[in-house]
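The values are calculated or read from the model by the stated rules, or taken from the named source; none is laboratory data. Source: prediction; values computed, not measured. Positions of Cβ are backbone-derived with ideal geometry, glycine not excepted, and every protein chain shown enters the neighbour counts. With ligands, DNA and RNA removed, areas are computed over all heavy atoms of the protein, side chains included. Shrake-Rupley method; radii C 1.70, N 1.55, O 1.52, S 1.80 Å.
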Amino acid sequence: MSDTKYILGHFDHPDDLMDGIDKLQKSNISIYDVYTPMPIHGIEAKLGVPPSRLPIVAFICGITGTFAGISLLYYTLHKDWPMNIGGKPTIPMPNYVPITFELTILFCALGMVAAFYFRSHLFPGRAPRVMDLRATDDRFVIAIDAKNNTDHEKIDSLLKDAGAVEVLYNERKYVSYE
Amino acid sequence: MSSHNESILREPLVTGKNITYAKVTNDILVPVENKPNKAWWMGFTVAALGAMLWVFSVSYTFWTGIGAWGLNKTVGWAWDITDFVWWVGIGHAGTLISAVLLIFRQNWRNSINRSAEAMTIFAVICAATYVVAHMGRPWLAYWIFPLPNQFGSLWVNFNSPLVWDAFAISTYFTVSLVFWYTGLLPDIATVRDRATGLTKRIYSILSFGWTGNVKTWQRFEIVSLILAGISTPLVLSVHTIVSMDFATSVIPGWHTTIFPPYFVAGAIFSGFAMVQTLLLITRKVMNFEDYITMFHIESMNKIIMTTGSIVGVAYLTELFIAWYSGSEYEMYAFANRVAGPYWWAYWTMMTCNVISPQLFWFKRIRTSIPISWVLSIVVNIGMWFERFVIIVTSLHRDYLPSSWAMFYPTWTDVGVFVGSVGLFFTLFLLFLRVLPGIAMAEVKLLVHTASHQQKLKLIKEGHLDPEQVQFYKDSLDKYDSVSEEEIKELAK
């Protein structure tokens, strides 16, 4: 029992999982993380996960794209090589709109997704830090650090009380992906 | 709480008995985890032959030049741009389903968005081939991007809609790809965690190390929502800019302000028709009937009917404005479309796009799979003719009667077009084999809210208005995935 690193509570219904989180929190047992096969609304608030700041990143990237677009057009059409195209002005605002708009969207999408991948450590070839293989299939898994929370029997009974279908005592943190 | 009971008045989005999360995964991964069946191989063989024809025709065009096509001095733009606009239009449904329907919280998108987005990407790839092929010197394709060229510091002409198009299409492709792949990560992780050996290693790389912890899901949801928010104006802008390729010119028949909304409606129209064509077969062959239900088919048919009617109004408006404008040349261009040498193309377009979708007003037709499938193909034929009519009939009789000409395609024109259809189907069939064709994580959200099983549970518990229960029972009649026995059992 002393070799146990993490206790995993398996649930097969998201409502039971939420109940399990409530029960653990009432007994002051800290939760390491929760792994689910689908997004569960309201779980962040329960676990005290702060709201994502990605919308701010998206806005900054988008506005950068807007300025990049306008600067590109202003520099090429007006400053670097002004051309007489059908007598049109060299700063034709309506004609600036499409490219500025497309660059805004492009910068916003790429910047935001890059920030998401970077902050969540997602990149091709990263060894998946998976605690349980069924957490991407049909199980909702609460992981509890067994070293910090020593009363294992209480955790066991709390989880089972909430409707856990299985409680695992893992001696390794992650499932091996070598 | 994460799951709440949906109103009994809403039709189920997932049918079938004993639906559990595990069953969703098992059902959807059948084509990915097993060897393909005969139907797949037959389809793939035909599609791959088409793709080979495409490789050959495009290579021949590169080798000989644009002279390989049936273009002449009067009609300098014909099948290439027709096919380009057709493919870009088809691509629009994927983004519409994944973005616009997400913003409007239409949960029925959850089981069709993945394949529709894949379709978008493949359609844009097909469209891009025409852009490159029609350049004549495709090795100089990079000249459309703003690089100071070798004559000094001369830049591309940013006043030209063709340059806007290059920006629009490449942005559209990039954003669609990013949106699609980000959505795929959780599902690739599911495949990874069930696989062994080499498959596991490959999917492990593709999954980017996805684990499904709380913070990542939170970010995933916000990223999806913002991508949907920016893709919505993007998808509208793309076909608007495509229409400006024509509308900003001064050719009678092209120079019309109605083009942007008219093209966007047409794009959604043809895109949904293509989704319908593909999904009606996919659901049958891959046994996805419980996930892509009659409700989905009927909803898509309603969209096809609505956008078809918008396109019809646009056709009539064009005719009215041609007359009302008092411009002789404009009026001639339209008279020539309706009754000139290409009258048959115009009336094919009118029949396929305006008249035939009106059949969907009848519920019996809307919920019939064979008729829906045939009509979806009719719509795609009609939409191809729409672009052909706009492009060729506006060009073939110009201001100088001595240069009036007709357009006759060569075998290369036909080869590039038929080949691109083959390429499209090849890519789609490969996609169905290697990636989950339905977004599993998103369908799992529906299991305890919008499934037939959940509604049955609610009915059995009682406490519901009997009138509403009766309404629900009646709505099940059209479902081919709910057997009569199941409905009878409900009646007890």
Residue list for the stretch B:214-230, filter: more than 16 Å from B:Phe179 (Cα to Cα) and either more than 7 Å from every other protein chain (Cβ to nearest Cβ) or open to solvent by 30 Å² or more (accessible area, probe 1.4 Å) (or both): B:Lys215
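Does B:Arg105 satisfy the criteria of being away from every other protein chain (no Cβ under 14 Å), open to solvent by 20 Å² or more (accessible area, probe 1.4 Å) and more than 30 Å from A:Pro128 (Cβ to Cβ)? Let's see the steps before the verdict.
Details: away from every other protein chain (no Cβ under 14 Å): no; open to solvent by 20 Å² or more (accessible area, probe 1.4 Å): yes; more than 30 Å from A:Pro128 (Cβ to Cβ): yes.
Here the answer is no, as B:Arg105 does not meet what is asked.
Do any helices (runs of 4 or more DSSP H) lying entirely in the stretch B:140-256 carry at least 1 residues that are acidic (Asp, Glu) and within 30 Å of B:Glu33 (Cβ to Cβ), and which ones are they?
Details: elements: B:161-194, B:197-206, B:214-247.
Output list reads B:161-194, B:214-247.
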Inter-residue pairs, beta-carbon under 7 Å, first within 12 Å of B:Val156 (Cα to Cα) and in the stretch A:71-92, second of a type in the set (A, V, I, L, M), 6+ apart: A:Leu73/A:Ile99; A:Trp81/B:Leu154
Subset of the stretch B:400-457 (residues that are over 22 Å from B:Thr182 (Cα atoms), in contact with a Pro (Cβ under 8 Å, 6 or more places away or on another chain), among the hydrophobic types (A, V, I, L, M, F, W, C) and modelled with pLDDT under 90): B:Ala450
Residue count for the stretch A:73-101, restricted to those that are at the interface with chain B (Cβ under 7 Å from one of its Cβ atoms) and surrounded by fewer than 14 Cβ atoms within 10 Å (Cβ to Cβ): 2
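Output the residues belonging to the stretch A:1-31 that are among the aromatic types (Phe, Trp, Tyr) and out of contact with any helix residue (DSSP H, G or I) (no Cβ under 8 Å at 6 or more places or on another chain). Talk me through it step by step, then tell me what you get.
Taking the stretch A:1-31 and keeping what is among the aromatic types (Phe, Trp, Tyr), we get A:6, A:11.
If the condition is that a residue be among the aromatic types (Phe, Trp, Tyr) and out of contact with any helix residue (DSSP H, G or I) (no Cβ under 8 Å at 6 or more places or on another chain), then A:Tyr6 is the only one that fits.
Answer yes or no as to whether B:Met406 is under 27 Å from B:Tyr130 (Cβ atoms) and either open to solvent by 40 Å² or more (accessible area, probe 1.4 Å) or of a type in the set (Asp, Glu) (or both). Explain how you work it out, then say what you get.
On the way: under 27 Å from B:Tyr130 (Cβ atoms): yes; either open to solvent by 40 Å² or more (accessible area, probe 1.4 Å) or of a type in the set (Asp, Glu) (or both): yes.
Taking the combined requirement at face value, the residue satisfies it.
Residue check: is A:Arg134 more than 10 Å from chain B (Cβ to nearest Cβ) and either open to solvent by 60 Å² or more (accessible area, probe 1.4 Å) or in a loop (DSSP other than H, G, I, E, B) (or both)? Before the answer, list the steps.
On the way: more than 10 Å from chain B (Cβ to nearest Cβ): no; either open to solvent by 60 Å² or more (accessible area, probe 1.4 Å) or in a loop (DSSP other than H, G, I, E, B) (or both): yes.
So A:Arg134 does not fit the description; no.
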For A:Thr104: the one exception among (1) over 18 Å from B:Ser170 (Cα atoms); (2) within 10 Å of chain B (Cβ to nearest Cβ); (3) β-branched (Val, Ile, Thr); (4) in a helix (DSSP H, G or I): (1)
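Yes/no matrix, rows are residues, columns are (1) in contact (Cβ under 8 Å) with a residue 24 or more places away in the chain; (2) of a type in the set (Lys, Arg):
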residue	(1), (2)
A:Lys23	yes, yes
A:Ile29	yes, no
A:Cys61	yes, no
A:Ile105	yes, no
A:Leu122	no, no
